[in-house]
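First the structure, in the form of structure tokens, and then the observations on it.
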Amino acid sequence: MLLLSMGVSVDGFISDRDGNFNWSVPSDDLFAFHTERVGELGAFVCGRRLYETMLVWETDPRMRENEADAAFADIWSALPKVVFSRTLTTVEGNARLAQGSLADELTVVLDSTDADVEIGGADLAWQAIELGFVDEFRIFRYPVIVGGGTPLLPPVTDAVRLDLAETRTYGGQVIYERYRRVRDDT
């Protein structure tokens with residue numbers, strides 16, 4: 001199953017007009033949930049910007065200064081990653097550069113594991129939604145309105161029907177919404 005999981009403002013943006021997302025720092029209980037959730041993944045597919053943002057978890061020893069951070073860093077470092085980039089020629093850590101189209105790479109990655117695969121990065125996620133690959137949307141809605149920036153979801157030509165599967169609240173502030181895509185079996 002392909003999952004899309006991102007933090008978002010109340011008005012639907014993953015970053016503000018300046019590209020900042022400093023309002024999305026997780027509480028301790030939400031960080032623990034992220035650690036558990038990422039530990040269940042079989043692979044992660046992302047774009048260059050998200051890859052570079054998350055690379056510190058594999059390369060920076062300061063990301064291991066406490067037990068919770070070290071646990072996440074261990075899980076993140078072990079997770080196979082596929083990176084889409086037009087500018088990178090090499091990647092570090094447990095990652096490889098994508099060689100094929102998004103559809104081809106997603107098919108290969110999904111076939112390579114019995115566990116769920118997550119996709120990250122707005123542009124890549126938009127393409128995966130348009131291609132019909134995203135099975136589940138996991139949205140972490142933060143209590144802030146940023147008024148513009150990078151939207152989580154793309155404009156779509158046809159409605160994408162969803163079923164609400166779960167909601168939780170973390171840190172008394174962040175609402176977790178998990179939706180499953182409704183697939184027509186006809």
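The values are calculated or read from the model by the stated rules, or taken from the named source; none is laboratory data. Predicted model, so just to flag it, every value in this text is computed and none were measured. Counting neighbours? That spans all protein chains shown, and the Cβs are built from the backbone with ideal geometry, glycine included. Each accessible area value is taken on the protein alone, full model and side chains, heavy atoms only, with ligands, DNA and RNA left out. Shrake-Rupley method; radii C 1.70, N 1.55, O 1.52, S 1.80 Å.
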Query raised in the report: Under 6 Å by Cβ, and 6 or more places apart or on different chains, what pairs join a residue from the range 112-129 that is closer than 20 Å to PHE21 by Cβ and of a type in the set (A, V, I, L, M, F, W, C) with one that is in a helix (DSSP H, G or I) and modelled with pLDDT of 95 or more?
Result: ILE119/ALA128
Query - Single residue of the range 18-53 satisfying the filter (assigned to a helix (DSSP H, G or I) and at pLDDT below 90) that is nearest to the chain's Cα centre (by Cα) - result: SER24
Report summary line: Pairs returned, first residue in the range 78-91 that is touching a residue at least 40 places away in the same chain (Cβ under 8 Å) and within 18 Å of TRP57 (Cα to Cα), second residue that is in a loop (DSSP other than H, G, I, E, B) and among the acidic types (Asp, Glu), beta-carbon separation under 6 angstrom, 6 or more apart or interchain, are none
Query raised in the report: Out of the residues in the range 74-110 that are in a helix (DSSP H, G or I) and touching an Asp or Glu at 6+ places or on another chain (Cβ under 7 Å), which is least open to solvent (accessible area, probe 1.4 Å)?
Result: TRP76
Report summary line: Every listed condition ((1) over 18 Å from GLU40 (Cβ atoms); (2) under 15 Å from the mean Cα position of the chain (by Cα); (3) among the acidic types (Asp, Glu)) holds for GLU118 save (1)
Report task. Taking ALA70 as the residue in question, decide whether it is assigned to a helix (DSSP H, G or I), under 22 Å from ASP29 (Cβ atoms) and open to solvent by 20 Å² or more (accessible area, probe 1.4 Å). Result -> yes
Query raised in the report: Given SER9, SER15, which one is open to solvent by less than 20 Å² (accessible area, probe 1.4 Å) and modelled with pLDDT of 95 or more?
Result: SER9
